Amino acid sequence: MRIVVAGYGPAAHRLVETLADRGFDGTITVLGEEPRAAYDRVALTSYLSGPPGTGGEALAYPAPSGPVAVRLGDRVASIDRARRTVTTEAGHDEPYDVLVLATGSAPFVPPVPGAGRAFVYRTIEDLDAIREASAHATSGVVVGGGLLGLEAADALRGLGLSTHVVEMGGWLMPRQVDEGGGAVLRGHVERLGLVVHTGTGLDRIEDDRVILADGTVIDAGVVVFSAGVRPRDELARRAGLPVGERGGVVVDEGMRTADPAIYAVGECALVGGMVYGLVGPCFTMAEVAADRMLGGSAQFTGADLSAKLKLLGVDVASFGQLSGALDVTYMDPVGGVYKKLFISDDARTLLGGICVGDATPYSLLRPLVGRELTAQPSELLFAGTGSAAVAGADFPDDAQVCSCNNVTKGRISAAIAELGLTDVAGVKKCTRAGTSCGSCVPALVSILASEGVAPGKAPCEHFDHSRAELFDIVRVRGITTFSRLVGEHGRGRGCDVCKPVVASILASLNGGHVLEGERAALQDTNDHFLANIQKNGTYSVVPRIPGGEITPEKLIVIGEVARDFGLYTKITGGQRIDLFGARVEELPKIWKRLVDAGFESGHAYGKALRTVKSCVGSTWCRYGVQDAVGMAIALELRYRGLRSPHKIKAAVSGCARECAEARSKDFGLIATENGWNLYVGGNGGFRPRHADLLASDLSDDELIRAVDRFLMFYIRTADRLQRTAAWVQDIGLDYLRDVIVGDSLGICADLDAGMERHVGGYFDEWRATVEDPEKLRRFVSFVNAPGTPDPSIVFETERDQIKPVLMEVTRR
Amino acid sequence: MTTVQKAQVTPGNAGEKWVPICPYDDLIPERGAAALVRGRQVALFRAFDGRLFAVGNRDPFSGAYVISRGITGTRGDEPVVATPMHKQVFSLVTGVCLDDPATAVPTYPIRVTNGTVEVSVE
Ligand code: SRM
Ligand SMILES: Cc1cc2nc3c(=O)[nH]c(=O)nc-3n(C[C@H](O)[C@H](O)[C@H](O)COP(=O)(O)OP(=O)(O)OC[C@H]3O[C@@H](n4cnc5c(N)ncnc54)[C@H](O)[C@@H]3O)c2cc1C
Ligand code: SF4
Ligand code: FES
């Protein structure tokens with residue numbers, strides 16, 4: 001059988017993947033109009049908040065397995081139903097036995113004067129165009145205050161534009177929330193600096209401004225339409241297939257059009273009188289169609305239209321039916337929280353709900369829609385916020401927990417039991433639940449707990465203990481080798497997850513070189529080569545530059561080393577210099593030159609202290625009130641080499657202007673007239689968080705003691721790969737303050753001693769390696785040809801420096 | 001400018017199958033090493049129990065020649081290595097990727113003769 005798929009979006013991808021997974025043995029040809037293979041459109045906005053020029057790789061779905069021919073950048077122009085052939089715009093003919101329309105939908109562009117100047121928000125190319133235009137603009141308008149419109153508005157704000165949202169309805173997100181919720185939502189959105197106009201439409205767009213129907217004039221360098229979508233049913237229309245009055249290719253519950261050889265799935269399909277604009281139902285349609293092609297009889301019987309908006313820092317969620325005989329409402333206008341549940345007239349069945357400002361009940365309550373209430377309605381309003389009103393155990397087996405991927409509680413429980421899953425990652429991998437919008441993850445955690453798995457505790461199959469428990473076992477029993485630990489307290493021979501955890505624990509407790517004896521085999525490649533691996537298998541070298549302060553002589557040495565070894569050179573985001581493109585056999589030679597000039601390892605490769613970033617401070621800056629550079633250098637030298645559950649970053653600002661961005665660090669200092677304010681638990685990265693004030697106006701000595709204890713307590717008790725931000729949130733700031741300032745656990749003397757041991761035991765790993773012939777023997781590309789460089793490593797030149805020529809990735 | 005280092009391809013000799021690589025003691029337990037065998041990159045591993053394995057050094061997911069630098073261990077009873085690039089796990093016995101069984105690295109016969117590790121890539 002020859003299957004041809006028109007369109008290559010999420011629905012098409014799921015179709016092909018399902019066919020391949022189920023052993024389809026005919027041929028599949030996918031014809032896509034976009035210049036790239038299917039990607040996760042739901043996550044599109046992350047492409048704008050990410051760095052430019054990545055080409056959207058992060059969004060790409062994994063390539064489907066099995067033989068699939070893909071033709072990209074060529075639109076299907078027509079269908080010849082008699083000959084069973086489609087023809088593309090480029091003139092390519094493709095015969096089919098079965099044709100699947102998966103053409104999605106197109107943004108609706110209202111026919112107002114000047115609409116041609118506006119952008120839409122649908123593809124990576126759309127976002128590239130918006131990013132480009134935003135670079136030359138200061139203000140923007142988003143037309144449409146629905147889920148996507150707010151998402152687009154937040155993206156414009158993120159691009160630095162002052163942003164307005166125009167919504168025709170009476171309040172924001174009128175399709176998802178009621179008026180009360182809309183009012184609370186508006187408060188949040190306005191607090192973020194967005195200007196909201198409701199109850200009015202657009203009159204026209206002029207150069208650099210927008211005129212609303214009520215006469216308001218708004219300056220707008222960039223205008224984005226997010227006013228709904230229209231199904232792309234033009235192919236079907238021209239081929240004489242029935243389409244709905246408001247668009248959409250009419251299909252039956254098996255996703256078949258009036259022509260038995262043609263299916264339609266995803267956002268272009270009209271099924272049961274509805275077009276679905278959420279990815280979950282589109283995936284289900286694809287699975288139904290695939291099943292039919294394989295001779296099955298699956299049916300599409302409608303889908304859940306629950307939604308959760310996770311942007312603007314505001315949680316907005318709605319699920320089930322948005323009206324009912326009875327309702328309970330909780331409203332906290334000061335805290336910006338609004339929650340409402342709709343209940344049947346006998347007060348026994350949950351019908352639906354709306355949450356604004358706090359969506360924790362969402363993932364726990366959504367699966368319970370249509371079921372008998374398990375607790376007082378008012379208690380349910382606080383589900384997930386620590387009350388025990390709802391837990392994973394309460395979900396019936398057929399409750400749909402992940403609506404994006406249509407996964408029930410029963411399937412998740414079965415997978416946990418049968419496959420011995422121990423964490424959310426495992427559940428995601430084996431059931432797909434949680435892999436799209438992520439809003440069901442709290443429910444997954446709760447189900448894991450109800451199946452007796454304390455999630456995230458055991459790092460992998462080799463141990464049943466958390467990192468903190470392993471730390472205590474190693475400390476109390478005086479264990480110094482992985483072999484003994486896994487032999488006496490674990491099983492098997494470890495893996496890439498537990499070995500680095502144990503390596504870090506051994507380093508924290510016993511010091512010594514990370515490549516000493518058996519410990520060498522526990523290290524990730526970065527620690528093993530004391531450098532950072534790059535995509536072509538070369539490494540990068542980052543010497544420590546404490547506080548960002550460097551002499552001209554040292555700068556010259558770095559320049560000479562980079563020149564002599566032909567390394568790509570870049571200033572990092574951490575106030576130091578990264579030298580890229582070194583082959584393993586070059587590393588010791590590079591270090592030798594650097595060490596001789598007084599440099600040491602910057603531990604850019606380790607889960608360890610990275611940098612203590614600094615502003616110029618009171619020495620030079622007219623506003624500075626303390627010596628920020630001096631303090632940063634002292635801290636960096638004190639904590640250098642300290643191995644930890646994740647990397648540790650710090651910064652010191654010389655005054656409240658905060659030029660060193662100290663509050664985005666694991667620990668940050670801001671100078672005051674009287675000393676230092678210490679902030680802890682900040683993070684950039686995936687989930688930015690401002691650090692919390694732990695203590696104020698500390699003297700230098702008080703400060704160092706507090707940081708010593710903070711770090712040692714973190715190292716002992718945090719989970720694997722848990723940054724201080726998540727750890728501080730987990731244990732609570734007050735508890736942390738009690739332990740390290742008030743010594744409530746009586747462990748401070750022990751923490752202090754641990755840090756003294758670290759400081760006293762520090763030595764430079766690079767120097768120790770260069771001076772040890774035994775360790776140096778590992779630094780060759782080939783054991784049997786030590787003089788031969790790896791021939792697969794090839795460079796070309798860009799902007800006068802090298803860059804890797806990448807190897808072709810062919811998996812089979 | 002394009003800098004290319006040419007592979008040194010040793011001409012094949014049909015009669016000679018086993019290629020000596022290095023002394024067994026040069027291999028660090030539970031760690032890999034790369035070898036260049038008749039123009040092919042092979043990753044050699046010495047497991048904790050002394051067993052030897054040889055698989056292709058190319059990580060099929062990234063295209064980089066880095067398998068020898070991965071962390072070894074076990075999954076269930078299977079001896080495995082995780083590619084250092086994005087951590088997919090491969091069986092050292094069959095070369096099959098346990099996270100994506102449609103992907104595999106080649107495996108090669110390996111043995112020790114008089115204390116010298118030998119590999120055959122024919
Ligand atoms: C080199 C550098 C980018 C640059 O050219 O500026 C960089 C490069 C890498 N970063 Fe970074 N990060 C660099 C500064 C940052 C910063 C900015 C900063 O430190 O002020 C951040 C955000 C701040 C933060 O961490 O809170 C940052 C957040 C991350 C994250 C996300 C961490 C998180 O908690 O979410 C990762 C991923 C991870 O660690 O799991 C990461 C991971 C990486 C890795 C290690 C990814 C990898 O595994 O290959 C990159 C390789 C480093 C290398 O040398 O090859 N990098 N990275 C910067 C090195 C600074 C230095 O001198 O050591
Ligand atoms: C910014 C954004 C955020 C979103 N967030 C969410 C969310 O949080 N939750 C959620 O459930 N949903 C969300 N969605 C909606 C979700 O992305 C869609 O439901 C989903 O993409 C529909 O998949 P599809 O494959 O049917 O259509 P599409 O993704 O539109 O893919 C159709 C593909 O077919 C191509 N095509 C069209 N005509 C032809 C032709 N004639 N020939 C060849 N190719 C053609 C198109 O170029 C396109 O690549 C979001 C959408 C956007 C834009
Ligand atoms: S933080 Fe203060 S002292 Fe430091 S550079 Fe900025 S203004 Fe100057
Ligand atoms: S509900 Fe979206 S990923 Fe599960």
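The values are calculated or read from the model by the stated rules, or taken from the named source; none is laboratory data. These numbers come from a predicted model, not from an experiment. Positions of Cβ are generated from backbone atoms using ideal geometry, with glycine treated the same way; all protein chains shown enter the neighbour counts.
Here A:A393 passes the criteria (1) over 20 Å from the mean Cα position of the chain (by Cα); (2) crowded, with 19+ Cβ neighbours inside 10 Å; (3) at pLDDT below 85; (4) assigned to a helix (DSSP H, G or I) except the one numbered (2). Contact annotation: residue pairs with Cβ atoms under 6 Å, 6 or more positions apart or on different chains, pairing a residue in the stretch B:98-109 that is within 8 Å of chain A (Cβ to nearest Cβ) with a partner that is of a type in the set (D, E, K, R) and assigned to a loop (DSSP other than H, G, I, E, B), are B:T103/A:R811.
A:R232 meets the conditions (1) of a type in the set (K, R); (2) out of contact with any Cys (no Cβ under 9 Å at 6 or more places or on another chain); (3) buried (at least 17 other Cβ atoms within 10 Å of the Cβ) in every case but one. The failed one is (2). Residues being closer than 25 Å to A:D734 by Cβ, in contact with a helix residue (DSSP H, G or I) (Cβ under 7 Å, 6 or more places away or on another chain), outside the structural domain of A:H513 (by TED's automatic domain parsing) and within 16 Å of ligand 1 (Cβ to nearest atom) are entirely absent from the stretch A:617-629. Within the stretch A:756-787, restricting attention to residues that are of a type in the set (F, W, Y) and surrounded by fewer than 17 Cβ atoms within 10 Å (Cβ to Cβ), which residue is nearest to the other protein chains (Cβ to nearest Cβ)? This residue is A:F763.
Residue pairs whose Cβ atoms lie under 6 Å apart, separated by 6 or more positions or on different chains, with the first residue in the stretch B:21-35 and farther than 13 Å from A:P786 by Cβ and facing chain A (nearest Cβ under 8 Å) and the second modelled with pLDDT under 90 and surrounded by fewer than 21 Cβ atoms within 10 Å (Cβ to Cβ), are B:P29/B:F48; B:E30/B:F48. Applying the set (1) within 11 Å of chain A (Cβ to nearest Cβ); (2) surrounded by fewer than 24 Cβ atoms within 10 Å (Cβ to Cβ); (3) part of a loop (DSSP other than H, G, I, E, B) to B:P84 leaves exactly one unmet item: (2). Looking across A:G169, A:G187, one residue alone is modelled with pLDDT of 90 or more, out of contact with any helix residue (DSSP H, G or I) (no Cβ under 8 Å at 6 or more places or on another chain) and under 20 Å from A:A317 (Cα atoms). It is A:G169.
With respect to (1) more than 30 Å from A:K308 (Cβ to Cβ); (2) not assigned by TED's automatic domain parsing to the domain that holds A:A286, the lone exception for A:E125 is condition (1).
Name the single residue that is surrounded by the most Cβ atoms within 10 Å (Cβ to Cβ) among those in the stretch A:541-575 being more than 14 Å from every other protein chain (Cβ to nearest Cβ), in contact (Cβ under 8 Å) with a residue 12 or more places away in the chain and assigned to a strand (DSSP E or B). By that ranking, first place goes to A:V541.
With the requirement that a residue be small (G, A, S) and either in the same structural domain as A:P645 (by TED's automatic domain parsing) or touching a Leu at 6+ places or on another chain (Cβ under 8 Å) (or both), what does the stretch A:551-596 give you? If you could, list the steps in order and put the result at the bottom.
Let us first name the residues in the stretch A:551-596 that are small (G, A, S), namely A:559, A:562, A:566, A:573-574, A:581-582.
Scanning the stretch A:551-596 gives A:A562, A:G581, A:A582.
Elements of the type strands (runs of 3 or more DSSP E) sitting completely within the stretch A:200-248 and holding at least 1 residues that are away from every other protein chain (no Cβ under 14 Å) and within 16 Å of ligand 2 (Cβ to nearest atom): these cover A:222-225, A:229-231.
Here are some residues: A:R122, A:R83, A:R131, A:R157. Which one is closer than 30 Å to A:V356 by Cα, outside any helix (DSSP H, G or I), out of contact with any Lys or Arg (no Cβ under 6 Å at 6 or more places or on another chain) and of a type in the set (D, E, K, R)? The match here is A:R122. Looking at A:L669, A:L637, A:L694, just one residue is more than 16 Å from ligand 3 (Cβ to nearest atom), under 23 Å from A:E756 (Cα atoms) and under 29 Å from the mean Cα position of the chain (by Cα), and that residue is A:L694. In the stretch A:17-41, the residues that are outside the structural domain of A:D128 (by TED's automatic domain parsing) form Cβ pairs under 6 Å with partners that are assigned to a loop (DSSP other than H, G, I, E, B) and among the basic types (K, R), at six or more places apart or across chains, as follows: A:E33/A:R75. Against the test of being closer than 29 Å to A:G512 by Cβ, in the same structural domain as A:E756 (by TED's automatic domain parsing) and modelled with pLDDT of 95 or more, the options A:A660, A:A632 yield a single qualifying residue, A:A632. Comparison of B:L44, B:L92, B:L36, B:L52 shows that the only residue that is modelled with pLDDT of 90 or more, more than 24 Å from A:A531 (Cβ to Cβ), surrounded by 21 or more Cβ atoms within 10 Å (Cβ to Cβ) and not acidic (D, E) is B:L92. Restricting the stretch A:585-614 to residues that are in a loop (DSSP other than H, G, I, E, B) and within 13 Å of ligand 1 (Cβ to nearest atom), the residue that is farthest from the other protein chains (Cβ to nearest Cβ) is A:G602.
Kindly establish whether A:G23 is loosely packed, with under 15 Cβ neighbours inside 10 Å, closer than 24 Å to A:F283 by Cβ and away from ligand 4 (no atom under 16 Å from the Cβ). Steps first, answer last, please.
Details: loosely packed, with under 15 Cβ neighbours inside 10 Å: yes; closer than 24 Å to A:F283 by Cβ: yes; away from ligand 4 (no atom under 16 Å from the Cβ): yes.
Spelling it out, A:G23 is indeed loosely packed, with under 15 Cβ neighbours inside 10 Å, closer than 24 Å to A:F283 by Cβ and away from ligand 4 (no atom under 16 Å from the Cβ).
Counting residues in the stretch A:645-663 that are in a helix (DSSP H, G or I), within 16 Å of ligand 3 (Cβ to nearest atom) and either on the phi > 0 side of the Ramachandran plot or without any contact (Cβ under 8 Å) to a residue 60 or more places away in the chain (or both) gives one or more. Any chance the stretch A:60-78 includes a residue that's away from ligand 4 (no atom under 16 Å from the Cβ), on the phi > 0 side of the Ramachandran plot and either within 14 Å of chain B (Cβ to nearest Cβ) or aromatic (F, W, Y) (or both)? Yes; the residues of the stretch A:60-78 include at least one that is away from ligand 4 (no atom under 16 Å from the Cβ), on the phi > 0 side of the Ramachandran plot and either within 14 Å of chain B (Cβ to nearest Cβ) or aromatic (F, W, Y) (or both).
Determine whether the stretch A:48-61 contains at least one residue that is assigned to a strand (DSSP E or B) and not β-branched (V, I, T). Full working, then the answer.
So in the stretch A:48-61, the residues assigned to a strand (DSSP E or B) come out as A:60.
After this cut, where a residue has to be not β-branched (V, I, T) as well, the list is A:60.
Within the stretch A:48-61 (the criterion being assigned to a strand (DSSP E or B) and not β-branched (V, I, T)), the answer is yes, since at least one residue qualifies.
Quickly run through the stretch A:435-449 and pick out the residues that are touching a strand residue (DSSP E or B) at 6+ places or on another chain (Cβ under 6 Å) and closer than 9 Å to A:V401 by Cβ.
First pass over the stretch A:435-449, keeping only residues touching a strand residue (DSSP E or B) at 6+ places or on another chain (Cβ under 6 Å): A:439-440, A:443.
Selection gives A:C440, A:A443.
I'm checking my understanding of the structure. Among residues of the stretch A:636-674 that are acidic (D, E) and within 13 Å of ligand 1 (Cβ to nearest atom), which one is farthest from the other protein chains (Cβ to nearest Cβ)?
Narrowing the stretch A:636-674 to residues acidic (D, E): A:636, A:658, A:661, A:666, A:673.
Now narrow it down to the ones that are within 13 Å of ligand 1 (Cβ to nearest atom): A:636, A:661, A:666.
Values: A:E636: 28, A:E661: 30, A:D666: 24 Å.
My answer is A:E661.
Apart from one condition, A:H489 fits all of (1) farther than 29 Å from A:A582 by Cβ; (2) in contact with an Asp or Glu (Cβ under 9 Å, 6 or more places away or on another chain); (3) within 14 Å of chain B (Cβ to nearest Cβ); (4) buried (at least 17 other Cβ atoms within 10 Å of the Cβ); the exception is (3). Being under 29 Å from the mean Cα position of the chain (by Cα) and more than 16 Å from ligand 1 (Cβ to nearest atom): is that true of A:I556 here? Answer is no for this residue. Set side by side, the residues A:G452, A:G384 differ, and just one is of a type outside the set (S, T, Y) and at pLDDT below 70, which is A:G384.
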